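For reference, the structure is listed below as structure tokens.
The values are calculated or read from the model by the stated rules, or taken from the named source; none is laboratory data. Since this is a predicted model, take the numbers as computed values, not measurements. Don't worry about glycine lacking a Cβ; one is built from the backbone with ideal geometry, like all the others, and counts go over all protein chains shown.
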Amino acid sequence: MIPNFVGVTGLPRAGSTLLCQMLAQHPEIHCEGHSSPLCNTLLGIRRMVSDDQFFLSQLDHSGQASYANLASAMQGFLRGWHQGGDKKAVVDKNRAWLHAIELLLQIAPEAKLIVCIRELGQIYGSIEAQHQKTILIDFIDHLADFDRFGRADMLFAKDKAIGSPLISLSAVQDLPAEVQKRLYFLRFEDLMEKPAACMSHLYAWLGLSPYAINPEKLAIGLQESDSHYHMKYLHRQSERIVKPGKHDIPPRIQAQIESACAWFYELYYPQKR
């Protein structure tokens, strides 16, 4: 049996670590929990082979066969990355999966993505709060010298921690309906308020057997490397779900976020409009 592929993607500080921790509890799921290089590697293979002169020359006289060879090789790489054993599903976590959804579905048509989202002001607030606790260390992309408004602006830039996955999320609106059916949007707030119900619904969407999650007793898996992110984006696991407190966001920053990302609130948080 070849397990179905499930990608965990979405926005930072939106519960992907907790989600993977709970997915790993299900006996039919193989989930390592930490961020994976698989998506980046597949994108790298596409870039490399697209510039390879030997492959390009094959397209001239055996285009269909060469393309089929490439598809088979990439599918084999995807299947071989995780040792799922007799599991029904394997879970791979990487925020780039949403950007690469059409590539993924070409090599794994049964694949599904769980997209983690959260109110954007609270995402910024979570990152800023952690920065204040580690203010003597700079971000990996050198944001510490900015003031709070400038840092918020930079975090939402198109190539930064919030802005990059937010662009991929915006592009979902342009995907064909059949592709959009492969996406499950999970709000952080819902996961915190009713974790058992959220996971029950999610397991059903994934085609798995019912399984009851105990929010007060969770197994702890592999710890992701927070030092890689300069301790600015923690991925801590806990034996129980503890709802985080609300971050106080300066009104000017909150207003700017809601204005610049009005489409996000209209789609996912219409009650705030």
Residues that are modelled with pLDDT of 95 or more and touching an Asp or Glu at 6+ places or on another chain (Cβ under 8 Å), drawn from region 240-253: HIS247
The listed residue being farther than 26 Å from ILE220 by Cα, without any contact (Cβ under 8 Å) to a residue 60 or more places away in the chain and either surrounded by fewer than 24 Cβ atoms within 10 Å (Cβ to Cβ) or touching a helix residue (DSSP H, G or I) at 6+ places or on another chain (Cβ under 6 Å) (or both), out of SER50, SER36: SER50
Inside region 165-208, the number of residues satisfying the requirement of being surrounded by fewer than 16 Cβ atoms within 10 Å (Cβ to Cβ) and among the basic types (Lys, Arg) is 2
So in region 209-232, with the set limited to residues that are among the hydroxyl-bearing types (Ser, Thr, Tyr) and at pLDDT 95 or above, which one is surrounded by the fewest Cβ atoms within 10 Å (Cβ to Cβ)? SER209
With respect to SER164, determine if the residue is hydroxyl-bearing (Ser, Thr, Tyr) and under 14 Å from the mean Cα position of the chain (by Cα). yes
Hey, can you tell me all the residues within region 55-93 that are outside any loop (DSSP other than H, G, I, E, B), out of contact with any Leu (no Cβ under 6 Å at 6 or more places or on another chain) and of a type in the set (D, E, K, R)? ASP60, ARG79, LYS93
Matching helices (runs of 4 or more DSSP H) fully within region 156-273 where at least 3 residues are hydroxyl-bearing (Ser, Thr, Tyr) and touching a residue at least 40 places away in the same chain (Cβ under 8 Å): 163-171
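Do the conditions hold for GLN132, that is, is it within 26 Å of VAL91 (Cβ to Cβ) and outside any loop (DSSP other than H, G, I, E, B)?
Spelling it out, it is not the case that GLN132 is within 26 Å of VAL91 (Cβ to Cβ) and outside any loop (DSSP other than H, G, I, E, B).
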